[in-house]
Every structure is written in C-alpha cells, then in structure tokens.
1. I need the phi-derived Karplus couplings for the range 100-105: 6.51 cos²θ - 1.76 cosθ + 1.60, θ = phi - 60°, integer Hz, Gly and Pro marked x.
2. For the chain, what relative contact order do you get, as a whole percent, if you take Cα pairs closer than 8 Å and at least 6 residues apart?
3. What number comes out for the charge environment of ILE323, summing +1 per Lys or Arg and -1 per Asp or Glu over other residues with Cβ under 12 Å away?
4. About its Cα centre, what dipole magnitude does the range 279-361 give when the only charges are +1 on Lys and Arg Cβ and -1 on Asp and Glu Cβ, stated in debye to the nearest 20?
5. List the DSSP H helices in the chain whose Cα atoms stretch 15 Å or more along the helix axis and whose mean Kyte-Doolittle hydropathy is at least -1.0.
6. Round to the nearest 0.05 the FRET efficiency obtained for GLU332 and THR190 when R0 = 45 Å and r is the Cβ-Cβ distance.
7. For the chain, build the charge dipole from Cβ charges (+1 Lys, Arg; -1 Asp, Glu) around the Cα centre, then report which of ALA294, GLN100, ILE316 sits farthest towards its positive end.
8. What is the gain in length, in nm to one decimal, between SER99 and ALA71 on full extension, counting 0.36 nm per residue of separation less the C-alpha to C-alpha distance?
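No value in this document is a laboratory result; all are computed from the given coordinates. Predicted model, so just to flag it, every value in this text is computed and none were measured. Backbone-built Cβ (ideal geometry, glycine too); neighbour counts: all protein chains shown.
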Amino acid sequence: MSVNRLLRVGTVAVASLGVLALSACGSDPEPSGTSNPGGTSSSPAGGDCPKGTLNAEGSSAQKNAIEEVIAKYNEKCADVTVNYNPTGSGAGIKQFNASQVDFAGSDSALKTEATDGGETEAAAATKRCQGSPALNLPMVIGPVAVAYNVDGLDKLIVDGPTAAKIFQGTIKTWNDPAIAALNPGAKLPTAAIAVFFRSDESGTTENFTKYLAAAGGGAWTGKPAKKWTGTGAGKEKSAGVAEGVKSTKNSITYVEWSYAVDNKLGVAQVETGSGPVELSAESAGKALAAAKPAGTGSDLALKLDYATKAPGAYPIILVTYEIACSKGLPAEKTALVKSFLTYFASADGQASLTELKYAPLPEETRTKVDAAIQAIS
C-alpha cells in the first residue's frame, strides 16, 4: 500500500475516536503548531523557540516515531536538544517519578492501582509533580504485530486462543492441529516454535498480554503486566525481539508494527470471530474506534477493547502516551516540555508518522491533546 493511500485510510478509519473518547470535553482554543492557510507553520509553542535540553525516557515502541519528530522539531527549534532513551515503558515511568527525566514515554497510562500493595504509579507521579497530577497524553497509535520467521510461510492466521497457547507454551510446534486448522493448505514445518519476548518491563508486553487475556478464551494464565510471564527467550526492547526473530528460523514474537516491517518479518493476520484481519492503518483504526475514555479533564487515558469483534478491526493495538506534569516543573523545563510536545501533537508532527507504520492521531483527539499541553503551567 502506498504512503498516500495509507495516510488516507488511517486518517479516515480513526477519525471517530476523538468524538467517541473525548466528546465530553468542551470547546478548545485553536491548537498551536498547525499549518496556517498560507502554507507555513507556526512555531511549536505558539511563540519563540526556547533554548535548552530536554531529557525523556521510556517506550521503545515509540522510538522510531519520537526520533522522527525530534528531527523535524529541530528544523524549527535548533537551540533545543531533545534526548530520548528508549529503555522501555516501565523504566521510563520509574525515571520520571524519580525526577531523572522531564517526561516519559509509555505504552500504557499511569496505573491508579498498585499490584504489590505499594504506591501507585499515578500517586508517585503526583509527588514528582510537586502535588499536581501527571497527564497521560496519547501521542502515537502503534499497532502490535504478531511477527514471525518461517521459511515458505507467506501467510499466517492466528486467533486469540491459539496465540495465547503459543505464547503460553502449550502449543509447541508449527504443525500443531490448532495452527493447521486456521491455515488450511499452508506448509507448516514440524519444527519447534521459538518464542521471543521482551525481557525488560514493557508497555508493549502489557498491551499484548491484555489481548491474550481478553481474547484467549482462558488459555492465557497470567495477568496482564509489563513483565512477561509466558514462555520463550527474553530480549531487551523492541529492537531486541525483532532482531531475535529475524536471525532465528521458525520463531515468533510480538512487536510494534514498524519494527516488524523494518526487519522484513512476516506479520500474522488475526482472526477475531469476524474473519481474519490483516494489520493496516485502516484495521487498527477500526479497533481504536472502540476505545473509551479512562481519564478525566486533561488526563486523556483511553481504555481499549482487545476482544473487539468489529468487522475488519485489528484488535492488538497500543496507544503510546507522553507522561508529563500538569504543573510542578521549573519554568525553563515547562517551556521546553510545552514547546516539544506541542510540535509532537501538531498536524505537522503527526503527518510524518504514517510513513513509519504508525497511525496518526485523528484530528478530534489531536486537538484535545494540544489543548491539554497548552494548559501545562
């Protein structure tokens, strides 16, 4: 599919999300950082570019997206250095809450419930922000591919129960009857399935295990979490699991779509009960349309439906957030955060993401994100 075609279908398919998820919000000011009728862009924060260094850390799923945006932003604001360390969502949130970075990237919103009886991520973030809440700002839509490397297998179909059994370790070979039933006529090897998983705490892992739990029919025995509890060999970050599959025959993993494409891996179609669905911007957008708001006010966290049976909807998606203080940073850091995130959420910033196999924010959602950023003080 051409880039232009992908942009068109991605934009149309996800256009309803902002209405569904954010319609409760009131009217907003004209977002800054967008293109004006004359064809030139306003400066990223609606004024002069700041100067300084901005440090961020977290999601490796958004690495390709944020690096592209940083490069475009620096064409406008050359005196700002933006450093992003893709250590994984869990590490990013921990570093943000420890005041080691200015904002964090995460493939899941800050948790409001503690799994170990301790302090929640959201409560720790409020302390980090000097008593003000941290914001979950959806910035990039990143579909998660079930990526594989099997000679002669140009098409693979999996459903929730089969995927759960593969990644749980109860389906061990490629010619298992469950896989064969979903792929009639396919030449499935007798070889063992080599599973790769994220060894670091990962929002991609959390989103994928939410899918396995929701659609797996009870085959997935673990609870959704950033830390992997299934079978396989661990590799760090998205690049690690993608490289593991690329270099290992008869292997499979879950990874953000752009990494699967960059490494020329096979991408499975997902049977949802409404027929096999191929991963595309359009099919990811149809699943995203089922999302519901989970936050209030300027907190724009979303609740995704991983078990959707909407026709043509690809159910394994994640929304990568930027986690930022609503208040509480020093003035110079606040100016830097607002400037960069304003550009990231702008029409110009989002337009560059489709070519990298991300789905851009629909306009209604993008406008709400921009308004939340402008309210940071």
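1. Karplus values, whole Hz, x for Gly and Pro: 8, 9, 8, 8, 10, x.
2. Value for the chain: 28 percent.
3. Here the charged neighbours net out to -3.
4. Details: 8 positive and 7 negative charges, 49 e Å.
With only Lys, Arg, Asp and Glu charged at Cβ, the dipole is about 240 debye.
5. Numbers: long enough: 3-14 (16 Å, 1.05); 63-76 (20 Å, -0.98); 203-215 (18 Å, -0.21); 331-345 (21 Å, 0.53); 363-374 (16 Å, -0.96).
Sorted by number, the helices that extend far enough and score high enough are 3-14, 63-76, 203-215, 331-345, 363-374.
6. Values: r = 62 Å, r/R0 = 1.38.
The calculated FRET efficiency here is 0.15.
7. ILE316
8. 7.6 nm
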